[in-house]
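Engineer: The structure's right below; bear with me while I get my questions together.
Taken together, the values in this text are just the output of simple stated rules run on the coordinates, not laboratory data. None of these values were measured; they are calculated from a predicted model. Note that each Cβ is placed from the backbone with ideal geometry, even for glycine, and that neighbours are counted across all protein chains shown.
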Amino acid sequence: MNVTKPRWSPQTKLTISILMLGLGIYLLYRFAEVIPPMILAIILAYILSPIVNFLWRKLHIHRVLAIVITYLLFLVVIVAVPWLLIPLLV
């Protein structure tokens, strides 16, 4: 038994593509305030993951503790660098 699936016409494909594009633009507009922090969080996690993996695999620290240590060290660096450099600039 040879069953053929119905195919969409080019007009139907174009209509669905335009609707999907419109939906995508609407969602980007709707979530515009949420997207930059999410992108920043993804980049930060990507950058800090080698440190977490080192603490976890080489030093045998539990992964959750390695994550906490890594983020605390990151926060210390973020606070300490301006704290040390701003007095030199003033």
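Engineer: What 222 nm value per residue comes from the helices of the chain, counting each DSSP H run with n ≥ 4 as -39,500 (n - 2.57) and dividing by all residues, nearest 500 deg cm²/dmol?
Structural biologist: -28000 deg cm²/dmol
Engineer: Let me ask something else about it. Between residue 14 and residue 43, what is the label-point separation in nm under the 7 Å Cα-to-beta-carbon projection?
Structural biologist: It is 3.9 nm.
Engineer: Any idea how far apart residue 32 and residue 59 come out in nm if each label point goes 7 Å out from Cα toward Cβ?
Structural biologist: Roughly 4.3 nm, to one decimal.
Engineer: Can you run the Rg to Rh ratio on segment 33-89? Use alpha carbon positions and the Kirkwood inverse-distance Rh.
Structural biologist: 1.10
Engineer: Give, in nm to one decimal, the length gained when the segment between residue 2 and residue 74 is fully stretched (0.36 nm per residue of separation minus the Cα-Cα distance).
Structural biologist: 19.7 nm
Engineer: Classify segment 1-45: rounded, prolate or oblate, from the alpha-carbon gyration tensor (a ≥ b ≥ c, eigenvalue square roots; a/c under 1.5 rounded; otherwise prolate if a/b is larger than b/c)?
Structural biologist: It comes out oblate by the Cα gyration axes.
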